[in-house]
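Worksheet: one structure, shown below.
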């Protein structure tokens, strides 16, 4: 494994980080505090809580990943958990569960598994202005905020399904 | 007829660009159901579509995505390299699903988006799939399925994406495959273990069905 800026047009931007090259095969767990690009084969878990993991187009990973950001161009078999985003690019192949704030799966990617979003940590609220707002307004504002992330599935108005109930 | 992989343009109509969204009364009912609780398990048998993922996870649920035709394609090819014709007995067809297909615990799935996938499977396999769906779905859960018109001998599988709580983007994706014909009565028989069915006929003569477990 070497540490140098990686430049791959497919992968995108130039970043300093570690690279597991195409010819490398590794079995074992990786933990670190820098970005990592895997273009070879890795059998084992990866943990980069504050950094980005990229599985390059020829990269193959069998194991779990926990990172800030995960981008997959290659093949992964295992669960992916990112505190920010997971991106599965077209032609990538992922079998496993995704958990991220922003999971993105491009068309033409193969994915089989569960997708779950995690909520972004709410920014700290500034202290309320004293004696400005009416106290009674606070609960309703809180209730509005709680219900504000309205599920898109909730439709306004009553659905009017056709009355064609049948029992088999 | 063989079972080629779905095309690279899955989801886009032949002319390119996104298909227009159209209202779906069946999906509307499904989304009303999904909006009524959080933390459920939803299964999409049409594969992973970004807008569907955003919709379902936005409702607070988990979405399991699997392209059923890709998963079962090799199995079908192995059993019948020529493919299954709609008008042919499917004695050679596999009758059992692979163990890892929809391997959920009993009664753990709250909603299922089947789209038109059941119509592309030989009868025995489709029955096995419906049995498994019945086992893994929670009582009271909803399933959305679509059926092509009875007279249509072959069609390309539909690529369906959720546009919003009332609308779907629907486009044919890939080569046409033989369809097993269904009419209202045979659909009812097919889901006889389930509690109730509700039918909606679309402008394209697609039969949309909401099935309640």
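For this structure, a couple of remarks:
- Pairs meeting the criteria (first residue in segment B:54-65 and more than 7 Å from every other protein chain (Cβ to nearest Cβ) and touching a residue at least 12 places away in the same chain (Cβ under 8 Å), second residue buried (at least 19 other Cβ atoms within 10 Å of the Cβ) and assigned to a loop (DSSP other than H, G, I, E, B), beta carbons under 7 Å, at least 6 apart or on different chains) are B:61/B:40.
- Of the strands (runs of 3 or more DSSP E) lying entirely inside segment A:66-125, those containing at least 1 residues that are within 10 Å of the chain's Cα centre (by Cα) are A:80-88, A:98-100, A:102-105, A:110-117.
- Some residue of segment B:105-112 being within 30 Å of residue B:153 (Cβ to Cβ), touching a helix residue (DSSP H, G or I) at 6+ places or on another chain (Cβ under 8 Å), more than 9 Å from chain A (Cβ to nearest Cβ) and at pLDDT 95 or above: yes
- A residue that is in contact with a helix residue (DSSP H, G or I) (Cβ under 8 Å, 6 or more places away or on another chain) and surrounded by 15 or more Cβ atoms within 10 Å (Cβ to Cβ) can be found somewhere in segment A:81-103.
- Meets criteria (within 14 Å of the chain's Cα centre (by Cα) and at pLDDT below 95) for residue B:131: no
The values are calculated or read from the model by the stated rules, or taken from the named source; none is laboratory data. Keep in mind that what you see is a predicted model, and the values were worked out from it rather than measured. Heads up, the Cβs are rebuilt from the backbone with ideal geometry, glycines too, and the neighbour counts pull from every protein chain shown.
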